[in-house]
1. Output the residues belonging to the range 110-120 that are surrounded by fewer than 13 Cβ atoms within 10 Å (Cβ to Cβ) and farther than 17 Å from E297 by Cα.
2. Output the number of residues of the range 213-252 satisfying the condition of being out of contact with any Leu (no Cβ under 8 Å at 6 or more places or on another chain) and aliphatic (A, V, I, L, M).
3. Under 6 Å between Cβ atoms, which residue pairs at least 6 apart in sequence (or on different chains) link something in the range 119-142 that is at positive phi with a partner that is assigned to a helix (DSSP H, G or I)?
4. Name, by its number, the condition in (1) open to solvent by 50 Å² or more (accessible area, probe 1.4 Å); (2) within 30 Å of E236 (Cβ to Cβ); (3) among the aromatic types (F, W, Y) that does not hold for Y79.
5. Select from the range 281-302 the residues that are assigned to a loop (DSSP other than H, G, I, E, B) and modelled with pLDDT of 90 or more and list them in ascending order.
6. Of the residues in the range 259-302, how many are under 24 Å from V167 (Cβ atoms) and out of contact with any strand residue (DSSP E or B) (no Cβ under 7 Å at 6 or more places or on another chain)?
7. May I ask you to say which residue of K24, K41, K16 is farther than 30 Å from S285 by Cα, open to solvent by 90 Å² or more (accessible area, probe 1.4 Å) and either in contact (Cβ under 8 Å) with a residue 12 or more places away in the chain or not charged (D, E, K, R) (or both)?
Amino acid sequence: MDLRRIENIIRIAEEKNITRAADKLFISQPALNLQLLNLEKELGTKLFYRRGNEWSITEAGRIYVETARKMVAMKKDCYSRISDIAKLHNEEIAVGAAGIQADYMMTTIYRQFHKKNPTVKLQLNIMKGLKAQELVKNGTIDLGIILMGDKQNYRLQYEFLSHVEMVLMVSENNPLAQESEREADGTEVIDIRKFKDVPFFLGPKDSTERYVAEQIFEQAGFEPDIYMDAEGINYEMALVAADECAALIPQTHDIKIPEGVKTLHLTPRPLMNAYAVYRKEKYLSDPMRDLINLAREYWTQE
């Protein structure tokens, strides 16, 4: 059985279009179509419904693709095991990183990872946490490094890395910024209810940051005036600096807060969780374990 052709059929299912799949695979559309037709002839049934440019998978196709993904995952795990035994470490790891700090985090992690594992290739994808979990589940990526609440949406292995606090970001020109109180250790804290009349910049509706922010407002007993919901930490900070809105962001040491912006802790302090996510049966190679440990060090760093 040709695993390359199996991977090609998986790509058609992911793209829901044979032309896009062929482009991603760097083969001609007629050649890919012939592979599919030969397979359907062998199986005696259609794997896809063809409706113009958009293709949808049949029940037989769903069974084939689910099994195919397991076979590809088994092959990859086999190669990773052998690579560890032979000390070759020449594998490729597909990573999905989620959260507004994902690019900061992976930049920091990659430098350290590459120094220790120079022959390992990282295929990095920045995406939302739910998407990362979906792709881990179906075997498209090997590992997700994500921020999330307590809810675990899939039957995956969730390896806890660290708690991550959500903090309030507000312009120093906003009079409410002066109403914070100092705790014994000097930490500035404030009750978010003081900001019930202030517009907020919130993350996308399907992001973990947005989910946790909505919980914060619900517990505070008010619905925020949403100035904008969008993705992009630099854009968010610029609007806060201009005193157009306030924002809630996960606290991290890497993001440089611009001049004129304050970050205040909330009472009580809302937390998200950083997790490494992978399939329960996934073999964790030495380089994958290195990557997870580096992610843990990143999120626990003060």
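1. P118, T119
2. Going through the range 213-252 one residue at a time, the tally reaches 10.
3. Close Cβ pairs (under 6 Å, with a partner that is assigned to a helix (DSSP H, G or I)) amount to G139/R69; G139/A73.
4. Going through the list (1) open to solvent by 50 Å² or more (accessible area, probe 1.4 Å); (2) within 30 Å of E236 (Cβ to Cβ); (3) among the aromatic types (F, W, Y), Y79 breaks only (2).
5. Answer for the range 281-302, where residues must be assigned to a loop (DSSP other than H, G, I, E, B) and modelled with pLDDT of 90 or more: K282, Y283, L284, S285.
6. 7
7. K16
Here's the yes/no breakdown for (1) open to solvent by 70 Å² or more (accessible area, probe 1.4 Å); (2) among the hydroxyl-bearing types (S, T, Y); (3) in contact with a Gly (Cβ under 9 Å, 6 or more places away or on another chain):
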{"site": "K196", "(1), (2), (3)": "yes, no, yes"}
{"site": "F201", "(1), (2), (3)": "no, no, no"}
{"site": "S207", "(1), (2), (3)": "no, yes, yes"}
{"site": "V212", "(1), (2), (3)": "no, no, yes"}
{"site": "I226", "(1), (2), (3)": "yes, no, no"}
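The values are calculated or read from the model by the stated rules, or taken from the named source; none is laboratory data. Keep in mind that what you see is a predicted model, and the values were worked out from it rather than measured. FYI the Cβ positions are ideal-geometry reconstructions off the backbone, even for glycines, and counts take in every protein chain you see. Protein only, heavy atoms only, side chains kept; ligands, DNA and RNA dropped before computing areas. Shrake-Rupley method; radii C 1.70, N 1.55, O 1.52, S 1.80 Å.
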